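Everything below concerns the one structure shown next.
What follows is calculated from the coordinates using simple rules that are stated; it is not laboratory data. If you're wondering where the values come from, they're calculated on a predicted model, not measured in any experiment. Virtual Cβ from ideal backbone geometry, glycine too; neighbours counted across all protein chains shown.
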Amino acid sequence: MATADEIEHDEEIRALTQRAQKDRWLAFRVVSANGATENALPAGASININFPIGTPSAEGPLKTTKPQHYAFKTFGPLRVTKHECAYNRRCSPTDAWTVEFSNPLDAAAFQQSQVRVAPKVTDLRPRFPGVR
């Protein structure tokens, strides 16, 4: 289980627990085989969480009569999945280029300096959709 300190120091988890019904949520800390929390989940992995028969309930003395399963997938390595320029795929020097990635990018963290093009392009103005 995640500790109260870990929950308090993670803005997203803290907000989720504050909106949750009292005593109706769990927060887990994922650890690797050596006990480390950093990069504990492998990239591109299918993760299954299983609660066995007999897991206690917050509602009273009854316990689960069937296993409870939850699954999710971690993001895989970041890859370019699509790239194009213009709409007719005939690229001219003044056309806009579009690059799509396999995972969502953090729009708030985007900086123009993160984009590099070789050979160098003059007057390059990279933009992240929705960010000015």
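For PRO52, neighbours were defined as the other residues whose beta-carbon sits under 11 Å from its Cβ, and their charges (Lys and Arg +1, Asp and Glu -1) total +2.
Amide hydrogen proximity for TRP25: with H placed 1.01 Å from N in the peptide plane, no residue at 5 or more positions away or on another chain lies under 5 Å.
Could you give the alpha-carbon Rg of region 4-73 over 2.2 N^0.38 Å, rounded to two decimals? Could you put the intermediate results ahead of the total?
Numbers: Rg = 14.6 Å, N = 70, 2.2 N^0.38 = 11.1 Å.
Dividing the Cα Rg of region 4-73 by 2.2 N^0.38 Å gives 1.32.
Here LYS120 is the anchor, and the aspartates and glutamates within straight C-alpha reach of less than 20 Å, apart from those fewer than 8 places off in the same chain, are GLU84, ASP95.
How high is the relative contact order of the chain, in percent, counting Cα pairs under 8 Å that sit 6 or more residues apart? Write down the numbers at each step before the final one.
Values: 131 pairs, mean separation 18.6, N = 132.
Worked out over the chain, it gives 14 percent.
A simple count of charges around ALA2, restricted to other residues whose Cβ falls under 11 Å of its Cβ and scoring Lys, Arg +1 and Asp, Glu -1, yields -2. In a simple Cβ point-charge model (Lys, Arg +1; Asp, Glu -1; nothing else charged), region 4-73 has a dipole of about 460 debye relative to its Cα centre.
Taking label points 7 Å from Cα along the Cα-to-Cβ direction, PHE75 and ASP5 give a separation of 2.8 nm.
Please give the contour-minus-distance gain from ALA15 to LYS66: 0.36 nm per residue of separation, less the Cα-Cα distance, rounded to one decimal in nm. Don't skip to the end; give the middle numbers.
On the way: separation 51, 0.36 × 51 = 18.36 nm, distance 3.06 nm.
Length gained between ALA15 and LYS66: 15.3 nm.
In debye, nearest 20: dipole of the chain around its Cα centre with unit charges on the Cβ of K, R (+) and D, E (-)?
Working: 17 positive and 14 negative charges, 117 e Å.
That gives the chain a dipole magnitude of about 560 debye.
Work out the FRET efficiency for PHE101 and LEU124 from their Cβ-Cβ distance, taking R0 = 25 Å, and round it to the nearest 0.05. Rounded to the nearest 0.05, the efficiency is 0.85. In this entry, the chain is assigned a mean projected area of 13.4 nm², taken as a quarter of its C-alpha convex hull surface.
Compare the peptides 21-29, 96-104, 117-125 by average per-residue count of other Cβ atoms within 10 angstrom and give them in order, highest first.
Working: 21-29: 9.8, 96-104: 11.6, 117-125: 7.6.
Answer by packing, highest mean first, reads 96-104, 21-29, 117-125.
Using Stokes-Einstein with the Kirkwood hydrodynamic radius over Cα pairs, what translational diffusion coefficient do you get for region 41-97 at 20 °C and a viscosity of 1.002 mPa s, in µm²/s rounded to a whole number? Rounded to a whole number, D works out at 133 µm²/s.
Approximating the spin labels as points 7 Å out from Cα along Cα→Cβ, the GLN114-to-ASN88 distance works out to 3.4 nm. Find which of ALA86, ALA36, PHE101 sits farthest along the positive direction of the dipole of the chain, computed with +1 on the beta-carbon of Lys and Arg, -1 on that of Asp and Glu, about the Cα centre. Result: ALA86.
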